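Presented below is the structure to which this report refers.
The values are calculated or read from the model by the stated rules, or taken from the named source; none is laboratory data. Computed from a predicted model, the values in this text were never measured in an experiment. Cβ placement follows ideal geometry from the backbone for every residue including glycine, while neighbour counts extend to all protein chains displayed.
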Amino acid sequence: MSIVAIVGRPNVGKSTLFNRLIERREAIVDAVSGVTRDRHYGKSDWNGKEFSVIDTGGYVLGSDDVFESEIDKQVELAIGEADAIIFMVEVESGITGMDQDVAKLLRKSRKPVLLAVNKVDSASRTNDALEFYNLGFDKYFTLSSINGSGTGDLLDELVKIL
Ligand code: GDP
Ligand code: MG
C-alpha cells in the first residue's frame, strides 16, 4: 500500500488534516518497521484507492516547541519512507524561514510533493496564498483542514500519483 506523509512546521494544521483523512478508519496502525513514536499512522482511501498516512512532528517534545533540526529529521524520514508527500504551510502567517528550509529539503528529494496551503477558510484568503509560489513548486492546493474545503482537489491529485 502506498504511503503518504504530511510534513511541515508546527501549527500549520498537519494533524487536523490527518484526523480528517482517517476519520473513516479508526485504527492507528504502526505496522511499518522502524516506526518511531513521534509519528502517527492511519489508513485512508479516496476514489477507491487505499493508502497509509503518516502525521509527522510535534510529538517528541510533546509541545509545539520543536527544534528546526527535529523538523528536518522528520522530513528526511518522510522522504525515505513515503511514496508521496503533502507539504503543508498556512496562509495566516505566510512563508516562514522554517517553510523555506523544509521546501529546500523536499526539492532535493525525488519524491512527488504536493504543496498544501492550509487555513484558507474563506474565499477572501485565496489571494493571500499567491505568495506560496515563491517556495518554488509548480503549483499549490488551497484548503481548510478545519472545514474541509479544498481537500477533495488535493486528494484527487494525490491518488493520481500513487
Ligand atoms: P500541526 O502542528 O501542524 O499538526 O497543526 P494542528 O493540526 O495541531 O493545528 C494547529 C492549529 O491550527 C490548531 O489550533 C488548529 O485548530 C488550527 N487549524 C488547523 N487547520 C486549520 C484550518 O484549516 N483553518 C484554521 N483557521 N485553523 C486551522
Ligand atoms: Mg500535529
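Brief remarks on what is shown
Yes/no per residue for (1) closer than 26 Å to Phe51 by Cβ; (2) surrounded by fewer than 18 Cβ atoms within 10 Å (Cβ to Cβ):
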residue	(1), (2)
Leu106	yes, no
Pro112	yes, yes
Ala116	yes, no
Leu130	no, yes
Phe137	yes, yes
Asn147	yes, yes
Gly152	yes, yes
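- Out of Arg125, Arg110, sole residue that is within 16 Å of ligand 1 (Cβ to nearest atom) and either among the charged types (D, E, K, R) or at pLDDT 95 or above (or both): Arg125
- Some residue of the stretch 120-131 being over 22 Å from Thr16 (Cα atoms), in contact (Cβ under 8 Å) with a residue 24 or more places away in the chain and in contact with a strand residue (DSSP E or B) (Cβ under 8 Å, 6 or more places away or on another chain): no
- Extreme residue, modelled with the lowest pLDDT, among residues of the stretch 17-70 that are among the polar types (S, T, N, Q) and surrounded by 13 or more Cβ atoms within 10 Å (Cβ to Cβ): Thr56
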